[in-house]
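*Asks:* First the structure, then my questions, so here it is.
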């Protein structure tokens with residue numbers, strides 16, 4: 001049975017959870033458009049540890065959402081995770097942010113396509129099947145109204161995440177369902193992190209970097 005601290009900072013949601021054996025026992029999060037992660041993250045970590053009545057020395061691993069997403073948010077989350085792993089001498093587990101979002105879909109569907117806003121009409125997206133297994137790689141894409149038509153023609157497709165709001169405005173396909181108010185949460189990392197912990201699928205703490213997907217651009 002593993003006790004894992006989960007950190008999700010890839011978007012505007014600063015989210016921290018404690019999971020024991022894949023189940024959330026404490027959660028603290030705040031979705032703030034001002035990206036207050038630098039101020040809030042360590043405070044939230046302390047709060048969930050106290051709420052769960054767990055000392056940090058009882059943690060078996062740290063899980064962090066590795067991206068894609070906000071450059072600043074990812075750096076803050078990964079830096080905190082690596083620092084804790086070094087200090088406590090425990091393993092680091094990473095989860096793909098888009099896979100974390102996909103966990104929120106509970107309805108029957110042929111495909112799940114999580115989307116993260118990447119400025120203007122661009123999104124980060126990936127494609128998952130009904131069992132939430134990734135079947136298409138993560139990409140940065142500029143949307144148009146014909147995007148994902150092959151998937152939509154096969155059946156129901158749930159588009160989820162803040163990037164889905166952009167696509168909702170231009171996609172009129174009858175098989176499209178939009179959950180555009182969803183954001184990645186540490187509460188959805190528990191099952192993914194537990195599965196990786198069981199098979200020792202961990203990262204090299206010294207060399208691990210966030211999955212930025214594309215180069216940072218000012219403006």
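*Asks:* Just the residues that are closer than 16 Å to residue 103 by Cα and out of contact with any strand residue (DSSP E or B) (no Cβ under 8 Å at 6 or more places or on another chain), please, taken from the stretch 1-31.
*Replies:* Those that are closer than 16 Å to residue 103 by Cα and out of contact with any strand residue (DSSP E or B) (no Cβ under 8 Å at 6 or more places or on another chain): 22, 23.
*Asks:* Within the group 24, 76, which residue is outside the structural domain of residue 152 (by TED's automatic domain parsing), more than 16 Å from residue 4 (Cα to Cα), surrounded by 14 or more Cβ atoms within 10 Å (Cβ to Cβ) and modelled with pLDDT of 95 or more?
*Replies:* On inspection, the qualifying residue turns out to be 76.
*Asks:* If you scan the stretch 177-202, which residues turn out to be closer than 24 Å to residue 13 by Cβ and in contact with a helix residue (DSSP H, G or I) (Cβ under 9 Å, 6 or more places away or on another chain)?
*Replies:* Within the stretch 177-202, 178, 179, 180, 181, 182, 183, 184, 185, 186, 188, 189, 192 meet the criteria.
*Asks:* Could you check residue 145 against (1) surrounded by fewer than 20 Cβ atoms within 10 Å (Cβ to Cβ); (2) in contact with a strand residue (DSSP E or B) (Cβ under 9 Å, 6 or more places away or on another chain) and say which number it fails?
*Replies:* Looking at each condition in turn, residue 145 falls short on (2).
*Asks:* Mind checking which residues of the stretch 79-116 are surrounded by fewer than 20 Cβ atoms within 10 Å (Cβ to Cβ), under 18 Å from residue 183 (Cα atoms) and in contact with a strand residue (DSSP E or B) (Cβ under 9 Å, 6 or more places away or on another chain)?
*Replies:* 104, 107 - these are the residues of the stretch 79-116 that are surrounded by fewer than 20 Cβ atoms within 10 Å (Cβ to Cβ), under 18 Å from residue 183 (Cα atoms) and in contact with a strand residue (DSSP E or B) (Cβ under 9 Å, 6 or more places away or on another chain).
*Asks:* From the list 125, 130, exactly one residue is surrounded by fewer than 18 Cβ atoms within 10 Å (Cβ to Cβ), outside the structural domain of residue 12 (by TED's automatic domain parsing) and modelled with pLDDT of 95 or more. Which is it?
*Replies:* 130 is the lone residue from the list that is surrounded by fewer than 18 Cβ atoms within 10 Å (Cβ to Cβ), outside the structural domain of residue 12 (by TED's automatic domain parsing) and modelled with pLDDT of 95 or more.
*Asks:* Something else: Considering only the stretch 1-63, give the strands (runs of 3 or more DSSP E) lying wholly within it that have at least 1 residues that are without any contact (Cβ under 8 Å) to a residue 24 or more places away in the chain and within 14 Å of residue 73 (Cα to Cα).
*Replies:* Hits in the stretch 1-63: 23-31.
*Asks:* Pull up the stretch 38-65, narrow it to residues that are out of contact with any helix residue (DSSP H, G or I) (no Cβ under 7 Å at 6 or more places or on another chain) and surrounded by 18 or more Cβ atoms within 10 Å (Cβ to Cβ), then point me to the one that is nearest to residue 10 (Cα to Cα).
*Replies:* Here the residue is 40.
The values are calculated or read from the model by the stated rules, or taken from the named source; none is laboratory data. Predicted model, so just to flag it, every value in this text is computed and none were measured. A quick note on method: Cβ atoms are made from the backbone with ideal geometry, for glycine too, and the neighbour counts reach across all protein chains shown.
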